[in-house]
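One structure is given here, and the rest of the page talks about it.
The values are calculated or read from the model by the stated rules, or taken from the named source; none is laboratory data. In this text the structure is predicted, and so the values were computed from the model without any measurement. Here the Cβ positions follow ideal geometry from the backbone for every residue, glycine too, while neighbour counts run over all protein chains shown.
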Amino acid sequence: MAVHEHSQGSTGFRAPSFRDNRSASDSEPAVPARTDTHTAWAYVAASLRLLTGFVFLWAFLDKAFGLGYATPSGKGWVDGGSPTKGFLSGVAAGPMQSTFHSWAGQTWADWMFMAGLLGVGLALIGGVALRIAALGGTAMMALMWIAEWPPAKQLSDGTPTMSTNPFVDYHVIYAVVLIALAAVSAGDAFGLGRLWARLPVVRDNRWLR
């Protein structure tokens with residue numbers, strides 16, 4: 001009885017608990033590990049943003065100056081060519097076929113299309129106004145999806161469309177990427193997103209973020 005009471009009240013030596021020590025040591029790097037993962041994802045999103053931005057910006061440069069890729073040399077916008085005439089006049093499927101034909105080569109259509117390519121490209125590369133870029137870019141991709149009309153199996157002249165998927169094509173992928181980049185604030189890494197967010201007009205109007 002006396003020994004039992006003495007052992008309960010004793011403040012003498014106790015063997016160390018290795019289980020507790022392991023738990024403490026294991027929990028210490030948890031925060032840095034989460035931080036490293038967050039940083040890695042931020043860099044991945046930033047890389048995707050820059051690559052996607054270059055796709056839009058290059059399309060603008062090629063159509064504007066006729067760099068010899070999709071737009072032949074000497075037929076760029078600055079040479080008097082139309083960046084929309086060839087594509088829209090060639091629409092041969094879908095419910096807006098006649099509408100796109102009437103838009104082909106129109107000055108307002110050329111300016112809106114080129115402004116969209118340039119605006120989305122610069123916004124993505126700079127990491128600013130990603131929500132506006134996502135909205136404008138998604139609208140552009142939606143119209144181009146309708147123009148190509150992947151659900152069609154045949155063109156208006158009866159030739160096969162060679163569509164590989166009736167719903168999801170690269171226009172849908174680009175639209176999803178634009179929305180995702182805006183949702184995760186992908187402009188904060190390798191971009192001017194943080195500086196842009198500090199501007200008073202952006203702080204007061206979060207849709208500009």
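Per the listing Lys63, Lys75, Lys85, the residue uniquely surrounded by 18 or more Cβ atoms within 10 Å (Cβ to Cβ) and either touching a strand residue (DSSP E or B) at 6+ places or on another chain (Cβ under 8 Å) or at pLDDT 95 or above (or both) is Lys63. Here Thr37 qualifies as more than 19 Å from Leu118 (Cβ to Cβ) and free of Cβ contacts under 8 Å to residues at least 60 places away in the same chain.
One line per residue, one yes/no per condition, for (1) touching a Ser or Thr at 6+ places or on another chain (Cβ under 9 Å); (2) within 20 Å of Leu57 (Cβ to Cβ):
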site: Tyr69; (1), (2): no, yes
site: Thr84; (1), (2): no, yes
site: Ala92; (1), (2): yes, no
site: Asp110; (1), (2): yes, yes
site: Phe113; (1), (2): yes, yes
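Of the residues making up the range 59-100, those that are in contact (Cβ under 8 Å) with a residue 40 or more places away in the chain and either in a helix (DSSP H, G or I) or of a type outside the set (Gly, Ala, Ser) (or both) are Ala59, Phe60, Lys63, Ala64, Phe87, Leu88, Val91, Pro95, Met96, Gln97, Phe100. Among the residues making up the range 148-199, a single one is in a loop (DSSP other than H, G, I, E, B), of a type in the set (D, E, K, R) and farther than 19 Å from Gln97 by Cβ: Asp188. The single condition from (1) surrounded by 15 or more Cβ atoms within 10 Å (Cβ to Cβ); (2) in contact (Cβ under 8 Å) with a residue 24 or more places away in the chain; (3) closer than 22 Å to Gly90 by Cβ; (4) not hydroxyl-bearing (Ser, Thr, Tyr) that Gly191 fails is (3).
Pairs linking a residue in the range 121-143 that is of a type in the set (A, V, I, L, M) to a residue that is surrounded by fewer than 21 Cβ atoms within 10 Å (Cβ to Cβ) and outside any helix (DSSP H, G or I), with Cβ atoms under 8 Å and 6 or more positions apart or on different chains, are Val128/Leu192; Ala129/Arg209; Leu130/Ser185; Leu130/Arg209. Restricting attention to the range 117-128, does a residue exist that is in contact with a helix residue (DSSP H, G or I) (Cβ under 8 Å, 6 or more places away or on another chain), at pLDDT 95 or above and more than 17 Å from Phe60 (Cα to Cα)? Yes: the range 117-128 contains one or more residues that are in contact with a helix residue (DSSP H, G or I) (Cβ under 8 Å, 6 or more places away or on another chain), at pLDDT 95 or above and more than 17 Å from Phe60 (Cα to Cα). For the range 142-184, a residue qualifies if it is touching a helix residue (DSSP H, G or I) at 6+ places or on another chain (Cβ under 6 Å) and closer than 24 Å to Trp41 by Cβ, and the qualifying residues are Tyr174, Ala175, Val177, Leu178, Ile179, Leu181, Ala182, Val184.
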